[in-house]
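*Asks:* This structure is in structure tokens; I'll ask about it shortly.
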Amino acid sequence: MANDIRIMTEAELREVVALDLETVDVIESAFAALAGGEVVMPPILSMDLPAANGEVDVKTAYIPGFEGFAIKVSPGFFDNPKLGLPSLNGLMILFSAQTGLVKALFLDNGYLTDIRTAAAGAVAARHLAPEVVTTAGVIGTGVQARLQMQAAHLVRPFERVIVWGRDEQKAAECAKDLKNSLGVEAEIVSDPAQLVAESQLVVTTTPAKEPVLKAEWLHPGLHVTAMGSDQEGKNEVEAKALVAADLYVADRGSQTEKLGELRSAIAAGLWTGGAPVELGDVITKKSAGRKAAEDVTIADLTGTGAQDTAIASHVAAKLAGGDAGTVIKS
């Protein structure tokens, strides 16, 4: 019996799925499933390639009730822009959860990862940020800086955005893009401390190995989402900030202990709280989120295989019955 396999390019995928509230809800469902305890999600296969200034991550997860599960390969080669190539690319393979047969190959060049990562930021903001956000700040100037602010605006429609980056020209370009795409006031600052001071919601989107956000900058009513630390050695938020906050939330505790911001707090001997609260626990009300408007909350997003399975399954559902892409029989 032949098995149909659908192959989709990035351009075709962009016609099917976008960064919108529907996608945010899909990713939220993945976090909620993680809280149920029945998701099968092995540790990330992560390979650091310093000789090539690159890294490769492989993520996967099986979610009960989903018709398929994805395996995602995500390379990042950070000297590529010098060659006129993007830093990030990759693909997802969707398998049947019933037979294990390949159902789809998404040659997305990292697009699905980009939007599911941004959607995860929106989920964190939805459940942890103050109800009213007037000003949002982003530390970083790349693709995720733009997408994280677009995603945050879906759930916390702020009026003003502040951008900080080491390269002022790139920061200005990012601010201009956000002004045009969101219709908000946008500006750059030369000091990240000022950005944090003026914002109620801050997202860090850098590959930094030294903190770009200090504990002394935290202030009442602030929410921080740190999403750049996804490899050993990366660190965006000062370790002291995690224990100074009223609530620290991990996307997956076992990952943030090794790859996220929690790793540095543990290494410094500052974290004594045991297993952290996970975002899925907050979503499903197993743990409390923000308790008061003046609370300081921090979400640590390292990226989970459950998110990849969720976004790939979402794409497959939207493709059902259509003729998009190329279908081959194996």
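*Asks:* Would you mind checking which residues have amide H under 5 Å from Gly228's amide H? H placed 1.01 Å from N; only 5 or more apart, or other chain.
*Replies:* The list, which skips near neighbours in sequence, is Thr206.
*Asks:* Also, I was wondering about something else. Through the Karplus equation 6.51 cos²θ - 1.76 cosθ + 1.60, θ set to phi - 60°, convert the phi angles of the range 225-241 into ³J(HN,Hα) values in whole Hz; use x for Gly and Pro.
*Replies:* Coupling constants for the range 225-241: 10, 9, 10, x, 8, 9, 9, 4, x, 7, 6, 9, 10, 4, 4, 4, 5 Hz.
*Asks:* Further question on the same structure: With just the Cα atoms of the range 153-240, tell me how far they stretch along each of the three principal axes, in Å, largest first.
*Replies:* 36, 30, 24
*Asks:* With θ set to phi - 60° and the Karplus curve 6.51 cos²θ - 1.76 cosθ + 1.60, what are the ³J(HN,Hα) couplings of the range 143-158 in order, to the nearest whole Hz, using x for Gly and Pro?
*Replies:* After applying 6.51 cos²θ - 1.76 cosθ + 1.60, I find 4, 5, 4, 5, 5, 4, 5, 5, 5, 4, 5, 5, 10, 9, x, 6 Hz.
*Asks:* Once the convex hull of the C-alpha atoms of the range 116-194 is built, how many Å³ does it hold per residue, rounded to a whole number?
*Replies:* It comes to 80 Å³ per residue, whole-number rounded.
*Asks:* Would you kindly state how much longer the chain becomes between Lys176 and Leu21 on full extension, computed as 0.36 nm times their sequence separation minus their alpha carbon distance, in nm to one decimal? Spell out each step's value before the answer.
*Replies:* Details: separation 155, 0.36 × 155 = 55.80 nm, distance 2.35 nm.
Taking 0.36 nm per residue and subtracting the Cα distance, the gain is 53.5 nm.
*Asks:* Give the angle, between 0 and 90 degrees and rounded to the nearest 10, that separates the Cα long axis of helix 168-182 from the longest principal axis of the Cα atoms of the chain.
*Replies:* On a 0 to 90 degree scale, this one is about 70.
*Asks:* Here's something else I'd like to know. Near Leu218, within a Cβ-to-Cβ distance under 10 Å, what is the net charge of the other residues, with Lys and Arg +1 and Asp and Glu -1?
*Replies:* Combined, the nearby Lys, Arg, Asp and Glu give -1.
*Asks:* If you take the square roots of the eigenvalues of the alpha-carbon gyration tensor of the range 244-330 and sort them as a ≥ b ≥ c, do you get rounded (a/c under 1.5), prolate (a/b over b/c) or oblate?
*Replies:* Because a/c hits 1.5 or more and a/b exceeds b/c, the range 244-330 counts as prolate.
*Asks:* Return the subset of Lys72/Lys285; Lys170/Lys209; Lys258/Lys318; Lys176/Lys291; Lys234/Lys285 for which the Cα-Cα distance in this structure is over 26 Å, preserving the input order.
*Replies:* Lys72/Lys285; Lys258/Lys318; Lys176/Lys291; Lys234/Lys285
*Asks:* For the range 121-303, treating each Cα as an identical point scatterer without solvent, what Debye log10 I(q)/I(0) comes out at q = 0.13, 0.14, 0.15 1/Å?
*Replies:* Listed by q, the Debye log ratios stand at -0.57, -0.66, -0.77.
*Asks:* Still on this structure, I have one more. If you fit an axis through the alpha-carbon atoms of helix 305-319 and take the longest principal axis of the Cα set of the chain, what angle between them do you get, 0 to 90°, nearest 10?
*Replies:* Approximately 50 degrees, to the nearest 10.
Rule-based calculations on the coordinates, nothing more; no lab input. Because the structure is a prediction, the values reported are computed rather than measured. Cβ: placed from backbone, ideal geometry, glycine included. Neighbour counts: every protein chain shown.
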